[in-house]
Amino acid sequence: MAINEVFPNPTVKKVIFQMRFPNLFYIEAKMGDYQLRIMDRFPKSSLLVKRQFLIAELTPDQKMPDLAEVPGELGVKKIWHFESPDGVELNVNTDSVDISSSMHKTYSNPSGQDRFRDIIQLAIGHFLSLTGIPILARVGLRYIDACPVPVKNNTVYAEWYKSAFPLDRFPLSDAIEMIFHTCTRRDQYFLGFTESFKDDSGNLALTLDFDGFAEKVKAEDYLRVTDDLHALVVQEYEASIRERLINHMRQPKE
């Protein structure tokens, strides 16, 4: 089974791109130019300031240190937040950039009008051209899917999903909560996968969480690596579902 269509009712709830890099002290000086470059796509902007708590054991003659003078991550942390009219969020930290969306139905399908890959290319392309970062510590692409569970029993569940749960030993009909998680190497990349089921007073919820990532990536290769990670996630998604779910996604959203 190869998924190559844009579904009217996809299971994807949220998609997140993130790249990490060594802490850059000159990020703040670049943010004005960066904002101008992405303003057409991300017109809404704000500066978030997070002050972290310090728990310290002091003797009676010692004073609590001023957090503004504390080095590293214990001081004030600035986050430059940008948002598009359709709700795509972009956060820039001094050591990372992340993009999250709850509206995208496709990564790069030519038949799709809104492609998440285009957003990544716009936001990250401008960021790297301004900062000149040569090496990225990590590049990641994560998909969180909220999937239907029509009936709470092993037989129906197996018609919709190729589960990683040990259902022969722990039947779904008896489950209140069930979680499977793994992080594994796939050639030069890594994949985290979580299958999570919960019965909240009869409200059945299944989450499939795919987190592909690579380490020590040349900045010039970020998009190619992201494409590879997307292919890895799609391959694992296809290995987790069956035709019944495909048919469900082809139906109009209720």
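Nothing in this text is a laboratory measurement; each read-out follows from the coordinates by a stated rule. On a predicted model such as this, the values are computed, not experimentally measured, just so you know. Counting neighbours? That spans all protein chains shown, and the Cβs are built from the backbone with ideal geometry, glycine included.
Which distance in nm do the two modelled labels at residue 3 and residue 129 give, with both placed 7 Å along the Cα-to-Cβ direction?
3.3
Evaluate the distance, in nm, between pseudo-label points positioned 7 Å from the Cα of residue 76 and of residue 180 along their respective Cα→Cβ axes.
4.9
Among 208, 130, 191, determine the one that fluctuates most according to a GNM of the chain built with springs between C-alpha atoms less than 10 Å apart.
Fluctuation is largest for 130.
What whole number of Å gives the distance from the Cα centroid of region 195-254 to the Cα centroid of region 143-186?
14
Roughly how tilted is helix 222-238, in degrees to the nearest 10 and between 0 and 90, from the longest Cα axis of the chain?
Helix 222-238 sits at roughly 30 degrees to that axis.
Take residue 220 and residue 102, extend 7 Å from each Cα along the Cα→Cβ direction, and tell me the distance between the two endpoints in nm.
4.0
Quick one: net charge of residue 166's neighbours, Cβ under 15 Å, K/R +1, D/E -1?
Taking every other residue near residue 166 into account, the sum is -2.
Relative to the longest principal Cα axis of the chain, at what angle does helix 116-131 sit, 0 to 90 degrees, rounded to 10?
20
In the neighborhood of residue 177, defined by Cβ-to-Cβ distances under 13 Å, what is the net charge if each Lys or Arg adds +1 and each Asp or Glu adds -1? Don't skip to the answer; put the middle values down first.
Working: positive: 152, 198; negative: 174, 195, 199, 200.
Net charge around residue 177: -2.
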